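First comes the structure, then the notes that go with it.
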Amino acid sequence: MTTRTTDTGSAHAPTAPTALIIRAPGTNCDVELARAFTLAGAHTNLVHIDALIAEPGLIDRAEIIGIPGGFSYGDDIASGRIVASRLRQHLYSKLRQAVGRGCPVFAVCNGFQIAVQAGLLPGPGVGQPWPAEPGEQELSLSHNAGGRFVDRWVPVRAEGASVCVWTKGLAEAFADRPEAMMLPIAHGEGRVVARSPGVLQRLSASGQVALRYGRTPVPSVPGQLVALHPDNPNGSSDDIVGVCDASGRVFGLMPHPERYLDWNRHPFWTRLPEGARRGDTPGMVMFKSAVRAAREVMV
Amino acid sequence: MSLSTTPAPATPPTAVEGVHRFEVFARTGHADPVSAAVTRDALQLLGIKAPLLSVHAKHVYLVQGALSAGQRGWIAEALLADAITEQGVVGTSAIPGGARVVEVHPLPGVMDPVALSVELAIREGIGQRVRVMTGWRYDITGADAEQVQTLAGKLLANPVIQRVSFEPYTPGAFPVGQGHDQVVRSVPVTKLGDEELVRLSRDAHLFLSLEEMRAIRGHYQALGREPRDIELETLAQTWSEHCVHKTLKSAVHYAGPPGDAVARRTRPGTTAKPDGSAVIDNLLKRTVAAATHELIAEGVDWTLSVFKDNSGVIALDENLGVCIKVETHNRPSAIEPYGGAATGAGGCIRDVIGTGLGARPIANTDVFCVADPSGFAPGDLPPGTLHPRRVLTQVVAGVRDYGNRMGIPTVSGAVSFDDRYIGNPLVFCGCVGLIPRHLVHGQARAGDRIIALGGRTGRDGVHGATFSSAQLEQNAADEFGHAVQIGNAITEKQVLDAILRARDARPAHAGGPLYTGMTDCGAGGFSSAIGEMGAKLGAEVHLENAPLKYAGLSYTEIWISEAQERMVLAVPPRDIEALRAICEQEGVEMADLGHFGTEKAELVLKFHGSEVGRLSMHLLHEGIPMPTREARWAAPVAKATPAGTPAPHVKDALLALLATPTIASKHWIIRQYDHEVQGMGVIKPLVGPGMRGPSDASVLEPVPGSGLGIAIGCGLQTPIGDPALGGDPYQMALAAIDECVRNLVCVGADPARSAILDNFSWPSCNKPENMGALVRVCWGCYDGAKAYRTPFVSGKDSLNNQLQYTDPATGAVRVIEVPFTLLVTGLGIVHDLAHAITMDAKAPGNSLLLVGQTPETLGGTHYQLKFGPSLAPGMRAIPQTDLARGPACARAVSSVIRAGLVRSAHDVSDGGLLCCIAEMLIAGSTAGASIGARVDLTAAHRDPLLAAFAEGSSRYVLEVAPQHEAEVLGKLAEAGVPCVRIGQLDASGVLTDLSGVLSVVVNDLAGAWLAPLDW
């Protein structure tokens, strides 16, 4: 089987990292994710999961890996279930090796749902090696507390103490203009549920919670619905938006930073002062941070 | 029903052959939002507040195959259940004490997309080939048997597509359907009399008129043989109203009241008769289409394809075109709203994909017309109809699930409520796409292979085209259940991925796309798609080559099935292998059905080598008789209403109007749609700091980073055309076009680069009064499009929208006709996204200006609909649209917006000026921080009632910073456009009127407006 290589990058230097974007039937956020990596200075390579299973060595050549949003296989059975099952079965060891050599991985929305089921997030504890087989699932992305799909922009808070390379510098960059720190969510199953309270405590303590909803944390008990809060639209435990592995390189989140690469995607940009719309958007900052991190490993 | 045969799996020694049952449900101690949502809906439906009632939802999977205990465990625990939040069990979980069970499964033959995915996962996971059926089990506690029956029938299942049982359902084996014998049948027609022809047409679901049946009889008498069944079916599909728009393309004899200025205007193709009546030789061609062709002749040079293709195309820039199409899917949505709306969306998306040599869909639109749910108790419904709350909930879910899964943002829409939509709701699905300009035209060539891509063909959707051309009757669900389908969006997404790859496989200089022509399989299935593509060439089709969902379909069923997610491509033989490779990589099934080009340009149908049908393309496409239709129009007289009811206080009226469902916030719907996917959304459907303001239109940046935008909006002014209100469909068309243009202008689009589409949904046009209304609305489309210089680029009509039923109380036959409905959808270019603006009030201190003339009447307004009896008779005339002032206002407002002089703009429409300002304030506020305004209603009109609630066309409210006010007023005056300052924004959080008559807190306005549809 031949692989499909789509380089949407234009004039990057040959040393620019290559982002491997894994798509499946029903993936539908791959084009905007490719644009994000391109604008951030990477080459992109969109590969169908069937082609990747046929040629897993492509993962060895990737310097960044993206698992985009969408409805892979229709999200039949549950969100991301079938891709996750295929990754565990065919590609887990290659992906684990890629993470081991410092390859940043971005798992957004459906990609996040896939990553928690495929054993890629939250990954082993600090200082622990990646297991040879996917470990026991520690996080789930379950039905939104409201019982249905929600599309809205939500304020998010970057955790300054997080080890995440994707959100590095985000809090400082937007400290003076919090209204810019928003991201769009669009999902039916985005409520973070942990296997036990211990998992949440461990992730918090090890700096693996990279982003939280809203500006004020709402503590909660795993499995119990938190009172619905406009800034936590799915009822996620501990207001968690996104988590990374202990190395900070594998990052999963429900909102879509790749939909926020231009200032006029902000939900009320027509009323933001010019000064608040300067420089890179929060989405762009994340992709640039990751491309920088990828470059460091390459050099 | 049986699947095509597959090799028998290697069966482990301990495997048990049979149907294995699995259930998945929320683990004890874990939240269960799915059950909570069903419980909430159940309480709402039963109209009770019973804290004891609860519904526990369990997903059921039935797996037929040979499975060992270990494999069953893997399926339940590893594949089906979430590791943390769910429990998966093999077999049937215990029924809790006191609970009653409702279990729902799709009927055999109904699309079950989840089942297909589970089959794939089991095959990959444990190497077993199995068959799967999914379902839901609901354990209901706290309800009696009757309530459970009600819930099953009205909430949990639709018997048209689902099987309901009141206990867990585990069959011994999956049902097997009956095959057809494949004998070629002739249908005796040549010797039939007229009455027998009429009966044959109805009984065989051909829905052809007597004239059409006579034409067929004549044709076969001349041939000296009887038509074969497949030929008759092909004619019925191709000649259906749905496919050929025969009513709108007919000649019409129109008789109206003497001295009517509208009828006397000069229009092409219209001949005045001595008795004052007129004959129009082809209604569509001489009105909607004529306006476009005349505008093109007059210099509108930015349309790329109009009326010819599956969608209309206009230029975006020198490289790209934008295509747009809006379809109706009314009949299927009436009997199965979820599947009807989803396949409506899917079909319209395929229209865009199948435009020219392939477009990429970038946005969807949806407009629904339904009865007001608060107006009907569950027991009051006409027989055979669904409750409007269920209809609306389900059509929204259908559009949501299809659009979201396809990854196409649903960005624009409207919902209009009128009780006459009770049996015949209207569902308009639109799609916008992006296409390279050099690929706008395609044409199959003789010798090209006929290639079908995508979904398999089944019995689902047989007779959709003819069904949609008939009126609905109360037993429609029984008679036409097979016309209704469930879509599979992922199959369509895969087809899209494959087609775009085949399209872009080679640059133009190296041969371009791997195909020469393409169309989608919509109404009529292969019969229409291949018939259209081969209209000039002829085609030979080998029906046995179509991949089937299950064995046993007759060749006629294969030919006319409207099974979803299929496209037909004309592929040169040398490109077949390259296309096949792409399809294999994308997981898309491809079938070679034959070739285009036959000796006499005939349509030749074969099945396993035997000829089963042979038809002249000329008969198919030119043979339909087009009798002159009779149209009558009498100036309607508004129904007398008792005078003298005291008018409500202006504040109460405002709050009541904001809470009427047509005006109230649609956030409940909009938030369920992914309106951001593809990352192009610049102006979203909900705007402002609280992200709740109702945007006039949406703006996208189709090429991210280009700074060039498109705006998508619509106009719908049904009351203006309602004879019961004294309305006139001619004025309705003008008002809808004006509203659509206003909506586009308000977000920054250029009205001189805006195209529009028409969608008529009309009751039966065999009634001359309804045909008369259709003539008038078409005249309005012609005059309006010419005046605004907005070409129609595409459109679609849906006729016979009426419900006929027998009143169970009186035994009388009743017909409910839908109101004359014209949806105008607009697509406008935004030259510079930096000048796109939103409607949310921005800053205290800014001025509010009213552009346009306040009409001298309240006719056709929401105020009239709500408080009609309090209106003086002189206030009941419907407002007229001024064809000079309307376009002038649009141009002038657009020019000040595009000069960067306007902070926010909102069109004055449903509810009038006060509702418009209220919406701007609600949009500019959040729950915590409100903006306010002080307005002088007398500046709008000396009569405060007219100032506050008149609607009418061509009015806008602009928010302008003080330093720009004089400049804006000056520019508008220069353009001859009326404009007055009517107030100023402030930080009070209150909307007040200078006269002191009105003072209302914006938070209260927001509460009234947000609550009614917060489902």
Report summary line: Per GNM of chain A with C-alpha springs under 10 angstrom, the most fluctuating residue out of A:248, A:235, A:102 is A:102
Query raised in the report: With charges only on Cβ, +1 for K and R and -1 for D and E, what is the dipole size of the protein assembly as shown about its Cα centre, in debye, rounded to 20?
Result: 1100
Query raised in the report: Quick one: Debye curve from the C-alpha atoms of the protein assembly as shown, no solvent, what's log10 I(q)/I(0) at q = 0.04, 0.06, 0.08 Å⁻¹?
Result: -0.22, -0.51, -0.95
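Tell me, what is the percent relative contact order of the range B:913-1015, built from C-alpha pairs under 8 Å that lie six or more residues apart?
On the way: 116 pairs, mean separation 40.7, N = 103.
In percent, rounded to a whole number, it is 39.
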Query raised in the report: Between B:175, B:392, B:682, whose Cα lies farthest towards the positive end of the dipole of chain B when Lys and Arg beta carbons carry +1 and Asp and Glu beta carbons carry -1, centred on the Cα centre?
Result: B:682
Report task. Would you kindly derive the ³J(HN,Hα) couplings of the range B:996-1013 from the backbone phi angles with the Karplus curve 6.51 cos²θ - 1.76 cosθ + 1.60 (θ = phi - 60°), listing them in order in whole Hz, with x for Gly and Pro? Result -> x, 6, 10, 8, 9, 6, 4, 4, 6, 4, 4, x, 4, 7, 7, 6, x, 10
Requested in this report: Determine the distance separating the Cα centre of the range B:69-119 from the Cα centre of the range B:49-66; give it in Å without decimals.
Outcome: 9
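For residue B:649 and residue B:987, FRET efficiency with R0 = 25 Å and r from the beta-carbon atoms, rounded to 0.05?
0.45
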Report task. Would you pull out the residues with amide H under 5 Å of residue A:106's amide H, same chain only if 5 or more places away, H placed 1.01 Å from N? Result -> A:65, A:66, A:67, A:251
Report task. Specify which residue in the list B:757, B:374, B:831 is farthest towards the positive end of the charge dipole of the protein assembly as shown, using unit charges on the beta carbon of Lys, Arg (+1) and Asp, Glu (-1), about the Cα centre. Result -> B:831
Query raised in the report: Straight-line reach from residue B:651: which aspartates and glutamates have a Cα under 14 Å away, not including same-chain ones fewer than 8 places off?
Result: B:993, B:1004
Query raised in the report: Between the helical axis of B:33-46 and the dominant principal axis of chain B, each derived from Cα atoms, what acute angle in degrees is found, rounded to the nearest 10?
Result: 70
Report task. Return the carbon/sulfur percentage of the accessible area of the range A:20-129, one whole number, probe 1.4 Å, all protein chains in place. Result -> 52
Query raised in the report: To the nearest 100 Å², how much accessible surface do chains A and B cover up together, summed over both, with a 1.4 Å probe?
Result: 5200
Report summary line: So the carbon and sulfur contribution to the accessible area of the range B:874-980, 1.4 Å probe, in percent, is 52
Query raised in the report: Under a 1.4 angstrom probe, counting protein chains only, how are B:651, B:58 ranked by accessible area, largest first?
Result: B:651, B:58
Report summary line: Neighbours of residue B:490 by Cβ distance under 10 Å: Lys/Arg at +1, Asp/Glu at -1, summed charge -2
Query - Accessible-area value, residue A:288, 1.4 Å probe, nucleic acids and ligands omitted, Å² - result: 70
Query raised in the report: On a 0 to 90 degree scale, rounded to 10, what angle separates helix B:576-586 from the longest Cα axis of chain B?
Result: 80
Report task. Kindly report, to the nearest 10 Å², the accessible surface of residue B:169 as traced by a 1.4 Å probe over protein heavy atoms only. Result -> 40
Query - Total charge dipole magnitude, chain B, about the Cα centre, Cβ charges on Lys, Arg, Asp, Glu only, Debye to nearest 20 - result: 540
Report summary line: Quick shape check on chain A: root eigenvalues a ≥ b ≥ c of the Cα gyration tensor, a/c under 1.5 is rounded, otherwise prolate if a/b tops b/c, else oblate, and it reads rounded
Query raised in the report: Hey, if you put +1 on the Cβ of every Lys and Arg and -1 on every Asp and Glu Cβ in the protein assembly as shown, which of A:22, B:514, B:860 ends up farthest toward the positive end of that dipole?
Result: A:22
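Explain nothing, just the number: relative contact order of chain B, from Cα pairs under 8 Å at least 6 residues apart, as a whole percent.
Computed over chain B, the figure is 11 percent.
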Query raised in the report: Can you list the residues of the range B:64-92 whose accessible area drops by at least 30 Å² going from the chain on its own to the full set of protein chains, with a 1.4 Å probe?
Result: B:79, B:82, B:83, B:84, B:85
Requested in this report: Taking the Cα centre of the range B:194-282 as origin, work out the dipole magnitude from +1 charges on Lys and Arg Cβ and -1 charges on Asp and Glu Cβ, in debye rounded to 20.
Outcome: 500
Report summary line: Using alpha-carbon positions, the gyration tensor of the range B:873-1015 gives root eigenvalues a ≥ b ≥ c; with a/c under 1.5 called rounded, otherwise prolate if a/b exceeds b/c, else oblate, the class is oblate
**Report entry** chain B: angle of helix B:210-223 to the longest principal axis, Cα-based, in degrees nearest 10
**Finding:** 40
Report task. Report, ordered by chain and residue number, the lysines lying within cross-link reach of residue B:58, taken as a straight Cα distance under 23 Å and ignoring same-chain residues fewer than 8 apart. Result -> B:154
Query - Cut-off 17 Å (backbone N to label point 7 Å along Cα→Cβ of residue B:637), residues of the range B:878-896 - result: B:878
Query raised in the report: What are the residues whose amide H is under 5 Å from the amide H of residue B:20, where those residues sit 5 or more places off or on another chain and H is modelled from the backbone?
Result: B:63, B:64, B:65
Report task. Pull up the cross-link candidates among the aspartates and glutamates for residue B:600, meaning alpha carbon to alpha carbon under 12 Å and not fewer than 8 places away within one chain. Result -> B:540
Report task. Mind scanning B:273/B:767; A:288/B:684; B:606/B:796 and naming the pairs with a C-alpha gap bigger than 29 Å? Result -> B:606/B:796
Report task. Before anything else, pin down the relative contact order of chain A: Cα pairs under 8 Å, at least 6 apart, normalised by residue count, whole percent. Result -> 20
Requested in this report: Send over a whole-number figure in Å² for the accessible area per residue of chain B, probe 1.4 Å.
Outcome: 33
Query raised in the report: Going by a ≥ b ≥ c, the root eigenvalues of the Cα gyration tensor, does the range B:287-355 fall in the rounded group (a/c under 1.5), the prolate group (a/b larger than b/c) or the oblate group?
Result: oblate
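The values are calculated or read from the model by the stated rules, or taken from the named source; none is laboratory data. These figures come from a predicted structure and were not determined experimentally. Every residue, glycine among them, receives a Cβ derived from its backbone with ideal geometry; neighbour counts consider all protein chains shown. Heavy atoms of the whole protein, side chains included, go into the accessibility calculation; ligands, DNA and RNA do not. Shrake-Rupley method; radii C 1.70, N 1.55, O 1.52, S 1.80 Å.
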